[in-house]
Amino acid sequence: MQRYLWQQADGKRHVYDTARHRVQAGRPFTALCGETVTPQTERGDLTAGLWFDGECPVCTIALAKALGWPVREISDLAHRFDWSPALITRLAEVLHCSFGEVVELTGARMVDA
């Protein structure tokens with residue numbers, strides 16, 4: 001099994017570490033972004049091919065970092081997303097960086113949310 005997998009839960013597609021979690025309907029898990037989320041059968045969260053929710057930007061960047069992507073490629077990826085101050089704060093915690101470093105990494109395209 002792959003070390004990291006995507007899973008739709010709580011309105012977003014999150015990444016989880018298969019070494020730490022076994023995903024089941026109704027059972028919470030902690031995603032790479034640090035959020036505790038719960039996939040639900042009635043939403044179709046566990047049905048392959050029916051994931052319509054957007055990807056969690058913090059999980060996306062945390063996955064790229066965990067896979068050893070170069071900083072420049074991570075930055076290019078981060079520029080695809082809009083970042084609220086709350087998301088930048090969470091990403092800073094996950095990456096163990098300062099808020100300012102993450103603003104620079106993401107291109108500082110912040111929106112209110």
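The values are calculated or read from the model by the stated rules, or taken from the named source; none is laboratory data. None of these values were measured; they are calculated from a predicted model. A quick note on method: Cβ atoms are made from the backbone with ideal geometry, for glycine too, and the neighbour counts reach across all protein chains shown.
Quick notes
- Selection within the range 19-52 - within 20 Å of residue 91 (Cα to Cα) and in contact with a helix residue (DSSP H, G or I) (Cβ under 9 Å, 6 or more places away or on another chain): 31, 32, 33, 34, 35
- Exactly one residue among 9, 62, 25, 92 is of a type outside the set (Lys, Arg), exposed (fewer than 14 other Cβ atoms within 10 Å of the Cβ) and either in contact (Cβ under 8 Å) with a residue 12 or more places away in the chain or within 19 Å of residue 103 (Cβ to Cβ) (or both), and that residue is 25.
- Every test in (1) over 16 Å from the mean Cα position of the chain (by Cα); (2) modelled with pLDDT of 95 or more; (3) small (Gly, Ala, Ser) is passed by residue 26 save one, and that test is (2).
- The residues listed here are 89, 47; of these, the one that is of a type in the set (Val, Ile, Thr) and over 21 Å from residue 4 (Cβ atoms) is 89.
- Considering the range 31-80, the residues that are under 11 Å from the mean Cα position of the chain (by Cα) and among the acidic types (Asp, Glu) include one that is nearest to residue 12 (Cα to Cα), namely 55.
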